[in-house]
Structure formats: structure tokens, C-alpha cells
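Trainee: Questions regarding the structure given below will be posed in turn.
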Amino acid sequence: MSSARSAFSRSVMLPASAGDIVHFPLHSSPKVICIIDAEEEFDWSAPFATSNNSVKTIAAQSAAQAIYRRFNLVPTYAVDYPVASQERGYQPLREFAQAGHCEIGAQLHPWVTPPYDEIVGEENSFACNLPPELQFKKIEALTEIIRRISMSLQNCFGQADMEPGRIRRGCSNSSAMK
Ligand SMILES: [Zn+2]
């Protein structure tokens, strides 16, 4: 129990400083915060592979955006390297962003983000299992390519090991996040 608590206290999902905490008034109406993983098509039953980088489904996101517009919902797309590095992936999202209809965050899928200095597989699909220097290089490559395609990067960083169903205890890579 205590080890679970200490692992949680080291989570990089916790805010780095008090200024990062968003305060909602106690009696305000409920808020919807919508963060969408924008990533390559992924077969959860297949092994991890650097070659798995098809992003053709991103174009279909316009159908969902039309629904969001009806409710004036501005989602944040957590973009990963395959999306940010291929026009077919980033162009639809860039158009939404330029219209002010979405924001862009970053999401690290280590197995499809260079440099590929690790053995690709289940263990190393969790960024926290990589050496801090390699985590940093991958984060740097990801954020750099998002900036290069003229997307302003919001203060949102998702990681493979933070996604639903992929949460792992004891991960800490806060040094690479700074
Ligand atoms: Zn993902």
C-alpha cells in the first residue's frame, strides 16, 4: 500500500507547481475537458513495431469535429510522432487548430518515435522504462516536429504509459520532462 502511494506521489501526471493547478469555483457548472489521442492506427493484439505508422484515419476526424462544433467544444489532440511527421496525419488537425477549433498537445509512443536506440517491445513501450537520455531525445524529437509543422504546443504531454489501460505503477521520468 505504501509503495503504491509513493509511486503515485512521483507520478509525472501531477502538476509541477501550484501555478499549474486549474481551480474551478465550487459552484460552477460542470466542465468537459476533451483530450483525444491522435496516433497511428494500432492493432493492440499485434507486437510493437517502428513500421506501424499509418495515419490515414485522421482524415475522418472531421466528422467528430462537426459534432464538437455543435457543442462549442474545443478538444485537445494529443499528437504523436507518426501524426506530426506525415502530412496526411497533421494537416487535418492543423486546419482545426488554425480555425481555433482545437488545441494541440503531445503524446509519446516510444516505439514509433526516433531515435530507435532501444529494443522495441512491450517493456520499452512504456517511456519510463527507457534510459532518461533516450526519453529526453524522443520527447525532443516529438516536440520539435510538432513545432516544425507550425502547431503551437499546449502544455499537455501524454505518455503511452498514462493512457487508459496502460497505466503502470512506479513510473517516474520527471527528469526527462523538465
Ligand atoms: Zn496512444
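Trainee: How long is the gain from residue 18 to residue 147 if the chain were fully straight, where each residue apart is worth 0.36 nm and the alpha carbon distance is subtracted?
Mentor: So the chain would gain 43.8 nm between residue 18 and residue 147.
Trainee: Does the stretch 5-132 classify as rounded, prolate or oblate by the C-alpha gyration tensor (a ≥ b ≥ c root eigenvalues; a/c under 1.5 gives rounded; else a/b over b/c gives prolate, otherwise oblate)?
Mentor: Oblate is the answer for the stretch 5-132, as a/c is 1.5 or above yet b/c matches or exceeds a/b.
Quick note: the coordinates plus some simple rules give every number you see, no bench work behind them. Predicted, not measured: the structure shown is a model, and the values here were computed from it.
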